[in-house]
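Below is one structure; the comments refer to it alone.
We did not get these values from a lab; they are worked out from the coordinates using the rules stated. Everything numeric here is computed off the predicted structure, so don't read it as measured data. Cβ placement follows ideal geometry from the backbone for every residue including glycine, while neighbour counts extend to all protein chains displayed.
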Amino acid sequence: MCDFDGTLAPIGDVPGEVALPVRTREVLEELARHCPAGVLSGRDLDDVRGRVGIGELWYAGSHGFEIAGPAEQVFAHPAGEAALGDLDEAQRRVSESLAGVPGVLVDRKRFGLAVHYRMVEAGMADHVVSVVRGIGDDLAHLKMKHGRLVAELLPDVDWHKGRALSWLLEELGAVGAEGFVPVFVGDDFTDEDALRVVRDGGVGVVVRSGEHGDRPTWAHYAVAGPESLGALLGRVAELVGGSAR
Ligand SMILES: O=P(O)(O)OC[C@H]1O[C@H](O[C@H]2O[C@H](CO)[C@@H](O)[C@H](O)[C@H]2O)[C@H](O)[C@@H](O)[C@@H]1O
């Protein structure tokens, strides 16, 4: 399982313009022929599914609050539904409060609200975060999480990419199964919950970036960026494909 932004795809200023590199798509298609594979993203489920566009993969959106298998949607966390009213209200308040700050992008997912400040003047970033935090504190069903130059409001329950990955491994019958080694790759703070899940008995890879430096991680290995990860996954696909033949 791989995270999307900053992991499979390079970071860009405008989330709607980010694309999966052609070679990485080919590698994911190859991997999916030999083992369960998927993308566990903070993006909206439909967004990440459309952007990757490989029908044989698993997809998790809104940081795991929604999960879809290769055939059809199989999971939506009940706390997501319960938070819908607060997410609508937060979207309204954030858009109104930050309307005067150039560069802010407000991105509503079904079960989350991302407020991007990548293109905001550096001196205004703290203001953006504090507005989002204040609105999140004011709405009972929401909490704030931090990603790469993004503040996100999510349902206020103990659910994250790690819990979603554990759910998926159970669903696949992978827990304790002989010969099954779970692998997770991610770049962001929000990926550490999933990297922690594979710490014992799996393989975790962190994709490093200048934005996070050498921050502590649960990962076993590191690659320098999405391009290096594409090459690594290509080699893994060759090995997995070879052992399956
Ligand atoms: O879990 P992910 O798949 O990595 O999603 C986390 C957030 O990623 C996206 O934002 C990040 O990537 C953008 C495009 O490169 C970049 O402009 C932004 O600064 C990053 O934070 C996505 O737009 C968010 O919705 C995701 O939650």
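Between 106, 207, 14, find the one with the highest GNM mean-square fluctuation for the chain; connect C-alpha pairs within less than 10 Å. It is 14. For the range 106-187, the relative contact order works out to 24 percent when only alpha carbon pairs closer than 8 Å and six or more residues apart are counted.
The protection proxy used here, the mean number of other Cβ atoms lying within 10 Å of each residue, ranks peptides 76-83, 168-175, 56-63, 150-157 as follows, highest first: 56-63, 150-157, 76-83, 168-175.
Between the C-alpha center of the range 42-78 and that of the range 214-245 there is a gap of 22 Å.
Contact order, relative form, for the chain: 20 percent (alpha carbon pairs under 8 Å, 6 or more residues apart, mean separation divided by residue count).
From the phi of every residue in the range 141-149, what ³J(HN,Hα) in whole Hz does the Karplus formula 6.51 cos²θ - 1.76 cosθ + 1.60 yield, where θ is phi - 60° and glycine or proline is x? Running phi through 6.51 cos²θ - 1.76 cosθ + 1.60 with θ = phi - 60° gives 8, 10, 9, 9, 10, 10, x, 6, 6 Hz.
The H on the amide N of residue 143, modeled in the peptide plane, is under 5 Å from the matching H of 154, 156, each at least 5 residues off or on a different chain. Near the amide H of residue 209, within less than 5 Å, lie no amide hydrogens of residues on another chain or at least 5 residues away, with H placed in the peptide plane. For the chain, the Cα-based Rg and Dmax, in that order, read 17.8, 59 Å.
Taken one residue at a time, the phi angles of the range 172-178 give Karplus couplings (6.51, -1.76, 1.60, θ = phi - 60°) of 7, x, 8, 5, x, 6, 5 Hz. Gly and Pro are set to x.
Between helix 125-138 and the chain there is an angle of about 90 degrees, using the helix long axis and the longest principal axis of the Cα atoms.
Size check on the range 179-245: the Cα extents along the three principal axes, sorted descending, read 41, 26, 14 Å. Quotient of the Cα radius of gyration of the range 80-155 and 2.2 N^0.38 Å, N being its number of residues: 0.99. Restriction of the chymotrypsin sites (Phe, Trp or Tyr not before Pro) in the range 164-245 to DSSP coil positions whose beta-carbon has at most 15 other beta-carbons within 10 angstrom yields 180.
Computed from Cα atoms, the angle from the helix 161-171 axis to the main principal axis of the chain rounds to 40 degrees.
Around the amide H of residue 37, modelled in the peptide plane, lie the amide H atoms of 58, all under 5 Å away and 5 or more residues distant in sequence or on another chain. Against the main long axis of the alpha-carbon atoms of the chain, helix 84-97 sits at an angle near 60°.
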